[in-house]
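Note sheet for the following structure.
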Amino acid sequence: MSSTPESAETSEPASKPKKKVSTQRRLISWVFIAILLAVVLLEWRAKSSQAKTFESLGASMDAAGNAGEFPFSQFEETIQGSPATELDESGAILRLYHYKWNGIFKTYHLRVLVNDEDLVVTYDTLPEGDTVNGMARISKKSMEELVQKNKQEVASQNQVAETAATEEPAKTKEPEKEADAPKDE
């Protein structure tokens, strides 16, 4: 078998040399990968922070036992990440703390009701609503209306009782007169 220059040339075209990828294309690819990783990291951080806070809140409620309430300051120590906090003090008895962990694609929520003694009463993960975990809050305005309504009912009941008390002695005197009269049998 002789090796001729023609046979060597025909084998080279069969194995094509690799094309070099430009540095500009590599740089764009790595920047895209870095941005994608940053987005995933931010979303994961928001979700995991909310989930860890929710789990620690549930564990604290379980540890509280039958009372089901524990100090709000204890809850504040367990908050993970850096959520945005909104405070709604429009409730007559209960304050609503709304925590939001912002991800790129989604916002993760945690709402906590705290009573006037700074004890956590209940919580949920809904973004909004009139109730928190089924517990409705009474607004200060509704509470004032309820108090005024109850005062009016009590006042009207007192008036009815006073008028009934003034009429009763007159009615009781008449039966006494009849009782004094001899009965015919």
Boolean, LEU57 is open to solvent by 80 Å² or more (accessible area, probe 1.4 Å), touching a strand residue (DSSP E or B) at 6+ places or on another chain (Cβ under 9 Å) and in a helix (DSSP H, G or I): no
The lone exception for ALA38 - which of (1) modelled with pLDDT of 90 or more; (2) open to solvent by 90 Å² or more (accessible area, probe 1.4 Å); (3) more than 17 Å from the chain's Cα centre (by Cα) it fails: (2)
Pairs with Cβ under 8 Å, 6+ apart, first in the range 101-130 and under 15 Å from PHE70 (Cβ atoms), second among the acidic types (Asp, Glu): ASN115/GLU69; LEU119/GLU69; VAL120/GLU69; VAL121/GLU69
Pairs where the first residue, in the range 82-96, is over 14 Å from MET135 (Cα atoms) and modelled with pLDDT of 90 or more and the second is open to solvent by 40 Å² or more (accessible area, probe 1.4 Å) and not in a loop (DSSP other than H, G, I, E, B), C-beta under 6 Å, 6+ apart: PRO83/LYS100; ALA84/LYS100
Spans of strands (runs of 3 or more DSSP E) in the range 84-135 with at least 1 residues under 13 Å from the mean Cα position of the chain (by Cα) and farther than 19 Å from SER60 by Cα: 84-88, 95-102, 107-114
Residues that are at pLDDT below 75 and part of a helix (DSSP H, G or I), drawn from the range 7-34: SER7, ALA8, GLU9, THR10, SER11, GLU12, PRO13, ALA14
Long-range neighbours under 9 Å by Cβ, at least six apart or interchain, first residue closer than 29 Å to ILE104 by Cβ within the range 17-37, second outside any helix (DSSP H, G or I) and open to solvent by less than 100 Å² (accessible area, probe 1.4 Å): SER29/VAL21
Yes/no for ALA51 being assigned to a helix (DSSP H, G or I) and either open to solvent by 60 Å² or more (accessible area, probe 1.4 Å) or at pLDDT 60 or above (or both): yes
Single unsatisfied condition, ASN133 versus (1) over 23 Å from PHE70 (Cα atoms); (2) open to solvent by 100 Å² or more (accessible area, probe 1.4 Å): (1)
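The values are calculated or read from the model by the stated rules, or taken from the named source; none is laboratory data. Just so we're clear, the structure is a prediction, and the values are computed from it rather than from any experiment. Neighbour counts run over all protein chains shown; Cβ positions are idealised from the backbone, glycine included. The protein model used for the area step is the full one, side chains on, heavy atoms only, and it has no ligands, DNA or RNA in it. Shrake-Rupley method; radii C 1.70, N 1.55, O 1.52, S 1.80 Å.
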